[in-house]
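Trainee: Have a look at this one before I ask anything.
The values are calculated or read from the model by the stated rules, or taken from the named source; none is laboratory data. Being a predicted model, the structure only gives us computed values, none of them experimental. Glycine also receives a Cβ, built like all others from the backbone with ideal geometry; neighbour counts cover every protein chain displayed.
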Amino acid sequence: MELACKAGKIVLENGGEIYRVEETMKSICSAYEIPDCESFATPTIIMVSAPDVNGESYSRMMRITERGIDLNKVAGINSFARKLPIDVNDAINELERIEKSTPHPLWIRILTSSVVVGAFAFIFGGGIGDVFGGLVWGVLMRLVIMGLQKKHAGDFMVNFVGGATAAIGGWLVSQLYTASDPWIVTVSSMMLLVPGILFVNALRDIAAGDLVSGSSRGMEAISVAAALACGSAAVHAILALVNGGIL
């Protein structure tokens, strides 16, 4: 049961759907011949419970305090669950290896962020200046996001500052490249923080009948979007005051 909860925790912390978390925990318990196992998960807590041969019930609960996106870890847990049963100590070591596995190298994450922002600038109808500005600003956006996350600034602050940084980038590019619409680079940069997977998972949970998880994830997605909008609006309000000669 400890093994099942640990695996479910890794899946939930790295972008897995609620149904996947619950099925993973039940699958692991079944592999070790734990009968009548019941699992329950929300975005902030997971539980597994089962009776022993004497009818005495046992349960294990884990709190989820951090959530992100690392689908490599989710895929690793799926592969791990299919290999069971194996020696419990070996299984624990394998889970620890998956949990401690690092994401892609820093330079790859920075490069992909740059390409993503530049590509969206092109998709949104930007010119050469917008695309080039997006390529450059995508690097800075990624560094700002990673710096805030490393300092455990909190999701709202990360997204608020991210929205503000995106707005500043759009304004700078429009000043350097007069044919640019400042919103092109602004919105393109925000795409790095738009909660697409979170929103899709919320709809998936609601469709599967996990109403509590679906509703909470939906509200989380809305709060992320609100933080991005507030950060961008704050910068544009300040720029409007400056341009109007008030500041």
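Trainee: For the subset of segment 96-118 comprising residues that are touching a residue at least 60 places away in the same chain (Cβ under 8 Å) and closer than 30 Å to residue 178 by Cβ, which member is surrounded by the fewest Cβ atoms within 10 Å (Cβ to Cβ)?
Mentor: Among those residues, the one meeting the criterion is 116.
Trainee: So which residues in segment 1-21 are at pLDDT 90 or above, charged (D, E, K, R) and either in contact with a strand residue (DSSP E or B) (Cβ under 6 Å, 6 or more places away or on another chain) or assigned to a loop (DSSP other than H, G, I, E, B) (or both), if there are any at all?
Mentor: 9
Trainee: Just wondering, is there one or more residues in segment 15-23 that are in contact with a Cys (Cβ under 8 Å, 6 or more places away or on another chain) and under 28 Å from residue 159 (Cα atoms)?
Mentor: Checked segment 15-23: no residue is in contact with a Cys (Cβ under 8 Å, 6 or more places away or on another chain) and under 28 Å from residue 159 (Cα atoms).
Trainee: Any residue in segment 169-180 that is assigned to a helix (DSSP H, G or I) and under 23 Å from residue 106 (Cα atoms)?
Mentor: yes
Trainee: Still on this model: Collect the residues in segment 1-32 that are without any contact (Cβ under 8 Å) to a residue 40 or more places away in the chain and surrounded by fewer than 21 Cβ atoms within 10 Å (Cβ to Cβ), keeping them in residue-number order.
Mentor: 23, 26, 30
Trainee: Still on this model: May I ask you to say which residue of 157, 190 is surrounded by fewer than 24 Cβ atoms within 10 Å (Cβ to Cβ) and under 18 Å from residue 234 (Cα atoms)?
Mentor: Answer to the selection: 157.
Trainee: Please tell me if residue 48 is aliphatic (A, V, I, L, M), part of a helix (DSSP H, G or I), modelled with pLDDT of 85 or more and outside the structural domain of residue 150 (by TED's automatic domain parsing).
Mentor: no
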